[in-house]
Amino acid sequence: MEFSHKPVLLQQTIASLNIRPDGTYLDGTAGGGGHSAEILKHLHGGTLICVDQDPDAIITLQNRFRDQSSVRIVQSNFSEIPSILSGLSIEGLDGVLLDIGVSSHQLDTAERGFSYHHDAPLDMRMSRQGKTAAELVNTLSYHELVRILFSYGEESYAKQIARAIERERESSPIETTTRLAEIVKSAYPPAKRHDKHPARKTFQALRIAVNGELDRLSEGLDNAFSALKTGGRLSVITFHSLEDRLVKQRMASWCVGCTCPKDFPVCVCGKKPKAKLVFRKPCEATAEELADNPRSRSAKLRCCEKLGS
């Protein structure tokens with residue numbers, strides 16, 4: 001099974017991890033193994049842990065790294081890092097990479113139901129477990145739909161879309177991607193229907209809700225940072241402002257030191273920063289990468305290094 005996904009910000013990401021040849025690294029969203037393969041090139045005596053919740057990705061990773069004794073492959077969500085490391089009898093990590101969001105394979109595989117460009121069952125489950133997007137669309141209340149569309153999709157027309165969904169599902173369940181896309185389009189003001197695809201934000205919001213992505217990201221950031229050794233680095237690639245804001249704020253909180261009032265002559269709180277930023281502004285795709293891979297246009301890479309206590 002081919003899990004096609006062109007890794008974004010590849011060289012910047014590898015550089016940000018500052019890979020030690022004998023270190024232990026975890027790719028928490030390994031997908032097709034693009035970033036993992038590049039990390040592996042820099043390891044000599046080290047260990048690489050490839051984690052993904054998608055069973056399609058696991059099959060691809062097992063085939064790609066079948067002859068690599070230094071690679072461990074685990075089907076799980078990256079938020080479960082403590083149990084992953086415990087199961088492998090590994091105590092700490094020299095680096096963690098998280099590439100957040102939907103993969104090219106998931107978008108391009110019509111039957112997975114992630115894309116409004118293909119007619120398919122409304123699914124969107126990355127792990128293929130749990131409730132589908134169709135179940136949410138057909139059972140959630142109007143107010144809950146509004147909350148999801150506005151909070152996770154930053155959708156200005158959340159109320160109109162939720163009303164349209166509520167109205168349409170009364171006649172028959174909404175079960176396909178194209179039907180939902182048409183419902184969303186019909187709820188948009190006519191003048192706004194020809195900008196970016198009207199369903200883009202709704203599909204993003206439902207995908208995040210189906211997979212609990214923001215909760216998993218929050219847990220994963222804390223668990224990944226806790227698992228780092230002193231000097232270890234956490235590199236995170238995001239594609240949407242919601243995820244990027246969460247990563248930015250979490251890393252900033254780890255970098256805060258003394259919180260005493262400025263007029264105190266000496267520090268009495270004793271708080272020291274737990275991390276330092278590797279670069280203050282996020283890395284973004286170069287013009288060359290954008291021309292080669294348009295999906296990299298919204299990618300942002302942030303990285304921090306864990307400090308000693």
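The values are calculated or read from the model by the stated rules, or taken from the named source; none is laboratory data. Fair warning: this is a prediction, and the values are worked out from it, not measured in the lab. Note that each Cβ is placed from the backbone with ideal geometry, even for glycine, and that neighbours are counted across all protein chains shown. Accessible surface is based on the protein model in full, side chains and every heavy atom, while ligands, DNA and RNA are left aside. Shrake-Rupley method; radii C 1.70, N 1.55, O 1.52, S 1.80 Å.
Selection within region 78-95: residues that are among the acidic types (Asp, Glu) and more than 22 Å from SER127 (Cα to Cα). The member of this set that is nearest to the chain's Cα centre (by Cα) is ASP94. Restricting region 147-158 to residues that are free of Cβ contacts under 8 Å to residues at least 60 places away in the same chain, hydrophobic (A, V, I, L, M, F, W, C) and more than 17 Å from ARG245 (Cα to Cα) leaves a set whose member that is surrounded by the most Cβ atoms within 10 Å (Cβ to Cβ) is LEU149. Among the residues of region 44-51, at least one is without any contact (Cβ under 8 Å) to a residue 24 or more places away in the chain, surrounded by fewer than 23 Cβ atoms within 10 Å (Cβ to Cβ), out of contact with any strand residue (DSSP E or B) (no Cβ under 9 Å at 6 or more places or on another chain) and over 17 Å from ASN223 (Cβ atoms).
Of all the residues that make up region 195-208, how many are open to solvent by 30 Å² or more (accessible area, probe 1.4 Å) and in contact (Cβ under 8 Å) with a residue 12 or more places away in the chain?
Number satisfying all stated conditions: 3.
Within region 211-225, residues that are over 16 Å from HIS240 (Cβ atoms) have Cβ atoms under 7 Å from residues that are among the small types (Gly, Ala, Ser) and assigned to a helix (DSSP H, G or I) in these pairs: GLU219/SER79; ASN223/SER79, counting only partners at least 6 apart in sequence or on another chain.
Each row is one residue, and each column tells you yes or no for (1) small (Gly, Ala, Ser); (2) at pLDDT 95 or above; (3) assigned to a helix (DSSP H, G or I).
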position	(1), (2), (3)
VAL102	no, no, no
GLU111	no, no, yes
HIS118	no, no, no
ASP123	no, yes, no
LEU136	no, yes, yes
PHE150	no, yes, yes
GLU166	no, yes, yes
ARG179	no, yes, yes
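The residue pairs whose first member lies in region 167-194 and is more than 18 Å from GLY113 (Cβ to Cβ), whose second member is open to solvent by 60 Å² or more (accessible area, probe 1.4 Å), and whose beta carbons are closer than 8 Å, counting only pairs six or more residues apart or on different chains, are ALA187/GLN160; ALA187/ARG163; TYR188/GLN160; ARG193/LYS185. Just need a number here: residues in region 105-146 that are without any contact (Cβ under 8 Å) to a residue 12 or more places away in the chain and among the charged types (D, E, K, R). The number of residues fulfilling the criteria is 2. Residue count for region 217-256, restricted to those that are polar (S, T, N, Q), open to solvent by 60 Å² or more (accessible area, probe 1.4 Å) and within 20 Å of the chain's Cα centre (by Cα): 2. For region 257-292, a residue qualifies if it is open to solvent by less than 60 Å² (accessible area, probe 1.4 Å), at pLDDT 85 or above and over 18 Å from the mean Cα position of the chain (by Cα), and the qualifying residues are GLY257, PRO273, ALA275, VAL278, PHE279, GLU289.
Given the condition farther than 22 Å from ARG216 by Cα and crowded, with 22+ Cβ neighbours inside 10 Å, answer yes or no: does some residue in region 1-11 qualify?
yes
Taken together, the residues in region 57-72 that are surrounded by fewer than 22 Cβ atoms within 10 Å (Cβ to Cβ) and in contact with a strand residue (DSSP E or B) (Cβ under 7 Å, 6 or more places away or on another chain) amount to 5. When GLY95 is tested against (1) open to solvent by less than 50 Å² (accessible area, probe 1.4 Å); (2) assigned to a loop (DSSP other than H, G, I, E, B), exactly one condition is not met: (2).
SER104 fulfils the conditions (1) over 26 Å from GLY28 (Cβ atoms); (2) in contact with a His (Cβ under 7 Å, 6 or more places away or on another chain); (3) open to solvent by 10 Å² or more (accessible area, probe 1.4 Å); (4) of a type outside the set (Lys, Arg) except for a single criterion, (1).
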